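A.B. asks: Got a structure for you, written out below as structure tokens; questions coming shortly.
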Amino acid sequence: MYQLNGVTKELLLNLFFIIFPLFLYQMFWVDKDRIYSKSNFRVATLMGVLSILLCMSFPITFSSGFHFDLRQIPFILGSLYGGYRVAIWQYLSILLFRYLLGGDEIYVNVLVISLILLLVPLLKSKYSGMTMRGRAFISMGLVLISGTLTMLPIFMLPDTPDFFSMQFIGIQVFGMWLATYLVETLRNNIKMRDEIIKAEKTSLISQLSASISHEVKNPLTAVRGLIQILDEFDFPEEKKKELSKVAMSELDRALMILSDYLSLSKDPIENKETLDIVDELKYVIDVMTPYANMQSVEIHMNFQANSYYVSGERQKFRQCLINIVKNGIEAISGKGEVRISTFHSENQAFIRVSDTGCGMTLEQIQRLGTPYYSTKEKGTGIGMMVVYNIINSMNGQIEIRSEKEKGTCFSISFPLDKNI
């Protein structure tokens, strides 16, 4: 006589074999953004076959060679969600493995799974249009019918436990409800994630477009007003030159905004080469020193070694550093200093740019690098977006520490070029 606690134990173990691959699929496939890849069908089919084979490996076996397990749950689910493409592979797997196991019930098993293969995938299109509750009822009804058909020969066995049929069918129906619920939850999570990503992209594009439109409109409006004034009034030559200079300055600002936007939309790194960080920093300091002098800001440098080599694109790397140093200079009101230093560990090169400016709050630091946000009065936030984009493309990391009225420190790290 087969013990009832043994029946429950084996059936619950089978239920675990059905649920566990769903979690594996969620953890190692869906969350890696590969749900729409070409190999997704193969992975989903493999997970279903894996559940079936594990269930069949731990069956409830009677002395006459009858084998009972929960293989029909993943088989029916695969047929309903995947149609014949999935069902045929699961069907062949069951046939082959059941033949290797042997036993008296093999022909009954072949009949039941053949009926599932022929009839259940036909419901796929109608099943897809149902609500979650409707799908659960259909799935539970199918497994109830198939389980009952599978149990028919066992009623003729003299050593069948009295409550085995009730346990077997009851756990099958419950297992189908649970598996359907998990599959539906997984599908809803995927759909919700895609909608969130789409909404975020749309929001980002609209914010960026609004920012660009607003920031470009301001200097163009100013230029239009200056041209009207020059056309309507007869100014002295010196005044005309002054107004023309202002107009050119506003046009340059508009071009700078568009240039930053184009830099953001391009591939961050197009032509990689080996860069000497110290040489690049010296170039940046030479470029920014006149601008710093105009703002009464001193630039100090402290390089730990003569050379640090990293991989990146020279012009974009310089643009990244210039943006950071320029922000440090502009953060200082009156006299102050910007300190630039370098050091390295075993595999990383570090650049530290600190200033004695106005500093930032934690909330401001967290919002840096997002569109439509800047700590500067006329800023667009695109410059820091470009900085983050370039650093990420070079496999670097950026850390920002700041304190109000005491200054800000940018610490950037890059992996050293192993080819040097």
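A.B. asks: Starting from 0.36 nm per residue, how many nanometres of slack lie between residue 23 and residue 392 once their C-alpha separation is accounted for?
C.D. replies: So the extension gain works out to 129.7 nm.
A.B. asks: Return the FRET efficiency for the residue pair residue 345, residue 189: r is the Cβ-Cβ distance, R0 is 41 Å, and the value is rounded to the nearest 0.05.
C.D. replies: E(calc), rounded to 0.05, equals 0.55.
A.B. asks: Considering amide H positions built from the backbone, and no H for Pro or chain starts, which residues 5 or more places from residue 298, or on another chain, come under 5 Å of its amide H?
C.D. replies: 336, 337, 338
A.B. asks: To the nearest 0.05, how large is the calculated FRET efficiency for residue 46 and residue 293 if R₀ is 56 Å and r is the Cβ-Cβ distance?
C.D. replies: Here the calculated transfer efficiency is 0.25.
A.B. asks: While we're here: Can you pick out the pairs among 241/326; 126/198; 272/418; 245/326; 245/316 whose Cα atoms lie more than 18 Å from each other? Before the final figure, lay out each step's value.
C.D. replies: On the way: 241/326 28 Å; 126/198 28 Å; 272/418 14 Å; 245/326 23 Å; 245/316 29 Å.
Result: 241/326; 126/198; 245/326; 245/316 exceed 18 Å.
A.B. asks: Continuing with this model, one more query. By DSSP, what percent of the beta bridges with both residues in region 273-347 are antiparallel, rounded to the nearest 5?
C.D. replies: Percentage antiparallel, nearest 5: 35.
A.B. asks: Related question: Residues with amide H under 5 Å of residue 349's amide H, sequence separation 5 or more or different chain, H placed in the peptide plane at 1.01 Å from N; which?
C.D. replies: Those lying under 5 Å, H to H, from residue 349 are 414, 416.
A.B. asks: Which of the peptides 15-27, 127-139, 171-183, 225-237 is most tightly packed, and how do the rest follow, going by the mean number of other Cβ atoms within 10 Å of each residue?
C.D. replies: 171-183, 15-27, 127-139, 225-237
A.B. asks: Can you give me the long-range amide H partners of residue 313? Hydrogens built in the peptide plane at 1.01 Å from N, cutoff under 5 Å, separation of 5 or more residues or another chain.
C.D. replies: 273
A.B. asks: Run the quick spin-label model on residue 149 and residue 404: label points 7 Å from Cα toward the beta carbon, then report their separation in nm to one decimal.
C.D. replies: Distance between label points: 7.4 nm.
A.B. asks: Taking the simple approach of a point 7 Å from Cα along Cα-to-Cβ for both residue 13 and residue 366, what is their distance in nm?
C.D. replies: Taking the simple label geometry, residue 13 and residue 366 are separated by 4.9 nm.
A.B. asks: With a cut-off of 8 Å between alpha carbons and a minimum separation of six or more residues, what is the relative contact order of region 315-367 in percent?
C.D. replies: Once normalised by length, the contact order is 34 percent.
A.B. asks: Which of the peptides 290-299, 319-328 is most tightly packed, and how do the rest follow, going by the mean number of other Cβ atoms within 10 Å of each residue?
C.D. replies: 319-328, 290-299
Each reported figure results from applying straightforward, stated rules to the coordinates on display, with no laboratory input. This one's a predicted model, so the numbers in the text were calculated from it and none came from an experiment. Glycine also receives a Cβ, built like all others from the backbone with ideal geometry; neighbour counts cover every protein chain displayed.
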